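Okay, structure first, notes after.
What follows draws every value from the coordinates through simple rules; no lab data is involved. All figures in this text were calculated on a predicted structure; none of them were measured in a lab. Counting neighbours? That spans all protein chains shown, and the Cβs are built from the backbone with ideal geometry, glycine included.
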Amino acid sequence: MNDLILPLPDDFHVHLRQDEALAGYVSDYAEQFGRGLVMPNTIPPITTPELLLDYKQKILASASRFEPLMTFKLHAAYSRDTLEKMKASGAAAGKYYPAGVTTNSQDGISELESVFPVLEMMEDLGFVLSIHGEEPSAFCLDRESAFIWRVERIAERFPKLKVVFEHLSTAAAVDFVLNAPENVAATITVHHLMLTLDDVIGDGLQPHHFCKPLPKFPADREAVRAAAFSGRSKIFFGSDSAPHPREKKECAPGAAGVYTAPVAIPLLAEIFENAGKLSLLPDFIGGFGADFYGLPRTSESITLVREPWVVPDSYHGAVPLAAGKTLQWKLK
Ligand code: DOR
Ligand code: ZN
């Protein structure tokens, strides 16, 4: 088989950045994806319908065939009126960042209960809650597992709220999501399918693999892979593609984020094929996520060809995952 036809991919978690950086990243992105759930951790953060619409327009101005699915950054002070306007402006999800956990999250949430009134309105209005599930005060490798109880509390308290535990990186979180009620789903990135902590600090320090949540132990990566290969409809792709300029990564302290957008789909094809799970890839990238978000499945497709190519060292000043490596599948 030398041609691989896949649904035009959806990505339920992406950082497209802003200002001068936006256009380049959006054009890289729209070559690979039909829809992307765009994260709101810009400066200023996306917290009003006006900012959301303005950001959406700027994204659309840089891509023709691409549909951005917008998000707002969760805080405790939203009124119902604002949330209704967010809905009317096309917001699909609100994003929960624990305060200080990652890039531009200093204004995140410290007290879980403080957002319960907003979550109740979001449940009522049919929003998805997207969660960066890490407890910032825990030891870095324990942050995700230390956060799980909060997702459990939210899902129990708001049984009709659709909750997404983003970028699973531990066996504990995988186990929780797979056994949680059906209102709890999760995204998986391509880098958490590939990397362990060894790939970040095990040899020479590799800043381009540094991200939040950190890649963890081999057993965690195995659990994340098993979840991706489970065929469960609550597990779908969210790249968390998070470009930073090379000089913001190769410095101290370096920024967290792996730039995966230009290589994600070829890498996923390789990973799923090597595991003998290629038949599960279409739903993972172009089915289950749309179903969970209540969107129509795409009717468009893309073709990958089996044609080795070397990943460039940089796209628009950001170093991609697998830079300099030879990949087997190429986008036609
Ligand atoms: O590594 C990360 N980078 N994780 C996040 O949660 C945010 C992202 C970013 O915005 O750079
Ligand atoms: Zn992210």
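What residue, of Gly24, Gly94, Gly90, Gly36, is surrounded by fewer than 24 Cβ atoms within 10 Å (Cβ to Cβ) and closer than 24 Å to Phe292 by Cα?
Gly90
Being under 22 Å from Leu280 (Cα atoms) and within 16 Å of ligand 2 (Cβ to nearest atom) is the filter here; which residues of region 186-223 pass it?
Selection gives Ala186, Thr187, Ile188, Thr189, Val190, His191, His192, Leu193, Leu195.
Here are the criteria: (1) over 21 Å from Tyr96 (Cβ atoms); (2) within 14 Å of ligand 1 (Cβ to nearest atom); (3) aliphatic (A, V, I, L, M); (4) in contact (Cβ under 8 Å) with a residue 40 or more places away in the chain. Tell me which single one Ala226 does not satisfy.
(2)
Hey, could you check region 25-40 for residues that are in a helix (DSSP H, G or I) and within 16 Å of ligand 1 (Cβ to nearest atom) and say which is nearest to Tyr55 (Cα to Cα)?
Val26
Hey, can you tell me all the residues within region 136-191 that are among the charged types (D, E, K, R) and in contact with an Asp or Glu (Cβ under 6 Å, 6 or more places away or on another chain)?
Those that are among the charged types (D, E, K, R) and in contact with an Asp or Glu (Cβ under 6 Å, 6 or more places away or on another chain): Arg143, Glu144, Lys160.
Of the residues Gln57, Gln32, which is farther than 21 Å from Arg157 by Cβ, without any contact (Cβ under 8 Å) to a residue 12 or more places away in the chain and away from ligand 2 (no atom under 16 Å from the Cβ)?
Testing whether each residue is farther than 21 Å from Arg157 by Cβ, without any contact (Cβ under 8 Å) to a residue 12 or more places away in the chain and away from ligand 2 (no atom under 16 Å from the Cβ) leaves just Gln57.
Scan region 64-95 for residues that are assigned to a strand (DSSP E or B), without any contact (Cβ under 8 Å) to a residue 60 or more places away in the chain and touching a helix residue (DSSP H, G or I) at 6+ places or on another chain (Cβ under 7 Å) and report the count.
5
Among the residues of region 262-308 satisfying the criterion of being more than 24 Å from Met70 (Cα to Cα) and small (Gly, Ala, Ser), which is nearest to the chain's Cα centre (by Cα)?
Ala269
So which residues in region 197-213 are within 19 Å of the chain's Cα centre (by Cα), of a type outside the set (D, E, K, R), assigned to a loop (DSSP other than H, G, I, E, B) and closer than 16 Å to His244 by Cβ?
Once the filter is applied, which keeps residues that are within 19 Å of the chain's Cα centre (by Cα), of a type outside the set (D, E, K, R), assigned to a loop (DSSP other than H, G, I, E, B) and closer than 16 Å to His244 by Cβ, region 197-213 yields Phe210, Cys211.
Looking at region 123-136, is at least one residue hydroxyl-bearing (Ser, Thr, Tyr), in a loop (DSSP other than H, G, I, E, B) and in contact with a Gly (Cβ under 9 Å, 6 or more places away or on another chain)?
No, the conditions are met nowhere in region 123-136.
Counting only residues that are in contact (Cβ under 8 Å) with a residue 60 or more places away in the chain and of a type in the set (A, V, I, L, M, F, W, C), which one in region 104-160 is surrounded by the fewest Cβ atoms within 10 Å (Cβ to Cβ)?
Cys140
Any idea how many residues of region 225-250 are in contact with a strand residue (DSSP E or B) (Cβ under 7 Å, 6 or more places away or on another chain) and within 16 Å of ligand 2 (Cβ to nearest atom)?
Summing the residues that are in contact with a strand residue (DSSP E or B) (Cβ under 7 Å, 6 or more places away or on another chain) and within 16 Å of ligand 2 (Cβ to nearest atom) in region 225-250 gives 9.
Take Ser169 and decide whether it is of a type in the set (S, T, N, Q), within 16 Å of ligand 1 (Cβ to nearest atom) and outside any helix (DSSP H, G or I).
Spelling it out, Ser169 is indeed of a type in the set (S, T, N, Q), within 16 Å of ligand 1 (Cβ to nearest atom) and outside any helix (DSSP H, G or I).
Hey, Leu267 hits all of (1) hydrophobic (A, V, I, L, M, F, W, C); (2) over 24 Å from Val174 (Cβ atoms); (3) more than 16 Å from ligand 2 (Cβ to nearest atom) but one; which does it fall short on?
(2)
I'm told Ile43 meets every condition in (1) within 16 Å of ligand 1 (Cβ to nearest atom); (2) outside any helix (DSSP H, G or I); (3) out of contact with any Asp or Glu (no Cβ under 6 Å at 6 or more places or on another chain); (4) within 30 Å of Thr303 (Cα to Cα) except one. Can you identify the failing condition by its number?
That leaves (4) as the condition not met.
Out of everything in region 196-242 that is buried (at least 20 other Cβ atoms within 10 Å of the Cβ) and among the polar types (S, T, N, Q), what residue ends up being farthest from Arg35 (Cα to Cα)?
Ser241
Residue check: is Arg17 closer than 25 Å to Pro296 by Cβ and of a type outside the set (S, T, N, Q)?
When the stated conditions are applied, Arg17 does not pass them.
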